[in-house]
Amino acid sequence: MGRLSFSTTESARLLLFTVFGVLALSVVLAEQEGENLSGLSNNPDKAIFAVRENGTTCLMVEFAVKFLVPYDVLALNGIDLITEQASFTLPRGAEIQGKCGSTESEIHISWKNNAYTIRIYFSKEFREKGIEVWKISKVQFVYDTSETSHFINAYNPGKHTASTHRLSALVTPAGRSFVCTAQQTLTLISSDHQKGITVSMYDIQIQPFDIASDFMFSEPYKCITDQRERLEETLPLVLGLILALIIVITLTVYHFHLKLTANQPQLPRDRSMYKNM
């Protein structure tokens, strides 16, 4: 009887381990993988990254990114600290990781043996009138001031993390990709004495949700800056066409006026001549 009880307990444990094994396998099978597609761009400053789940693209970003990072160096007197600025761009050969979800997604981009990592977090939400949108909800940037290609003679070098606070950027209708040529600038606050890190993105096309076709962005949603610049470019042309049309109409009316007055009989100006008529 005790042996039967022991066998039943072992069977239950075996079944439990099997269930957990199947769940773990399903997680592995559904694991997302990152792909670097930057070689497809003719722009040497632009990077293209994709996150795929089960062989299907679930997140894509295409942009150029510039970083401006302040850091401390020791002054010549060996006592005071001076703030320098490190300026560098996101390299095309970076490594990618990411996660896709129905309402939350993220992409992690690392380079220089993880000396630098930028993490971009996306979320979906409903706005007024039930309109569903997606946005960038958070950006983190991890950097190591002991990496000497950008940080020269940094004082007390080490890793720091800079983050945004209550971010709501690049708000875009759900099912569409955000497109913007103009520069979009974010300010992050660093753990290095609360220094302000500037992250500037331009030539952007991003879509973190609802990608219908593999490696293909959905319908673009242009940023307000691009729309304004396009209006400024077309407005002089429109005004020029309106002015030309006004000139043509004026000349046409004047031409018809001359023809009408030329066909009318000329009356004598001397009133004495009316007596003989």
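The values are calculated or read from the model by the stated rules, or taken from the named source; none is laboratory data. Since we're looking at a predicted model, the values are computed, not measured. We place every Cβ from the backbone using ideal geometry, glycine too, and count neighbours over all the protein chains shown. Calculation scope for accessible area: heavy atoms of the full protein, side chains included, ligands and nucleic acids excluded. Shrake-Rupley method; radii C 1.70, N 1.55, O 1.52, S 1.80 Å.
Full extension from residue 244 to residue 198: what is 0.36 nm times the residue separation minus their Cα-Cα distance, to one decimal in nm? Kindly include the intermediate steps, with their values, before the conclusion.
Details: separation 46, 0.36 × 46 = 16.56 nm, distance 4.69 nm.
Full extension from residue 244 to residue 198 adds 11.9 nm.
Amide H to amide H under 5 Å from residue 215: which residues, 5+ apart in sequence or cross-chain, H placed 1.01 Å off N in plane?
Here the answer is 57, since their amide H atoms fall under 5 Å of that of residue 215.
Return the long-range amide H neighbours of residue 204 (sequence gap of 5 or more, or a different chain), with a cut-off of under 5 Å between placed amide H atoms.
Counting only residues 5 or more places away or on other chains, the set is 180, 181.
Can you tell which of 197, 123, 151 lies farthest toward the positive end of the dipole of region 32-223, using +1 and -1 charges on the Cβ of basic and acidic side chains (Lys, Arg; Asp, Glu)?
Toward the positive end, the furthest listed residue is 123.
Given the peptides 123-130, 174-181, 88-95, arrange them by the average over their residues of other C-beta atoms within 10 Å, most packed first. Kindly include the intermediate steps, with their values, before the conclusion.
Numbers: 123-130: 10.9, 174-181: 19.0, 88-95: 15.9.
Per-residue Cβ counts within 10 Å, averaged per peptide and sorted highest first, yield 174-181, 88-95, 123-130.
Tell me, what ³J(HN,Hα) does each residue in region 189-203 have, in order and in whole Hz, if you take phi through Karplus 6.51 cos²θ - 1.76 cosθ + 1.60 with θ = phi - 60° and put x for Gly and Pro?
Whole-Hz 3J(HN,Hα) from phi for region 189-203: 9, 8, 6, 7, 6, 6, 5, x, 9, 9, 10, 10, 10, 8, 6.
Separation between the residue 252 and residue 222 pseudo-spin-labels, each 7 Å from Cα along Cα→Cβ, expressed in nm?
Distance between label points: 3.1 nm.
If contacts are Cα pairs under 8 angstrom and at least 6 residues apart, what is the relative contact order of region 101-235 in percent?
Values: 258 pairs, mean separation 26.1, N = 135.
The normalised contact order for region 101-235 reaches 19 percent.
Roll a 1.4 angstrom probe over the protein heavy atoms and tell me the percent of accessible area of region 31-135 that is carbon or sulfur. Kindly include the intermediate steps, with their values, before the conclusion.
On the way: 2430 of 5460 Å².
Reported share for carbon and sulfur atoms: 45 percent.
List every residue whose amide H lies under 5 Å from the amide H of residue 168, counting only residues 5 or more places away in sequence or on a different chain, with H placed 1.01 Å from N in the peptide plane.
Excluding prolines and chain starts, which carry no amide H, there are no hits.
I need to check one value: relative contact order of region 19-168, counting alpha carbon pairs closer than 8 Å and at least 6 residues apart, in percent. List each step's numbers first, then the result.
Numbers: 299 pairs, mean separation 24.3, N = 150.
Value for region 19-168: 16 percent.
Where does the Debye-calculated log10 I(q)/I(0) of region 32-223 sit at q = 0.08, 0.12 Å⁻¹, using only Cα point scatterers of equal weight, no solvent?
Treating every Cα as an identical point scatterer, log10 I(q)/I(0) equals -0.28, -0.60.
Kindly state, to the nearest 0.05, the FRET efficiency for residue 81 paired with residue 167, given R0 = 30 Å and r defined as their beta-carbon distance.
On the way: r = 30 Å, r/R0 = 0.99.
Calculated value: 0.50.
So what is the accessible area of region 32-223 per residue, in Å², with the probe set to 1.4 Å? Don't jump to the answer; show the numbers that get you there.
Working: 9530 Å² over 192 residues.
I get 50 Å² per residue for this part.
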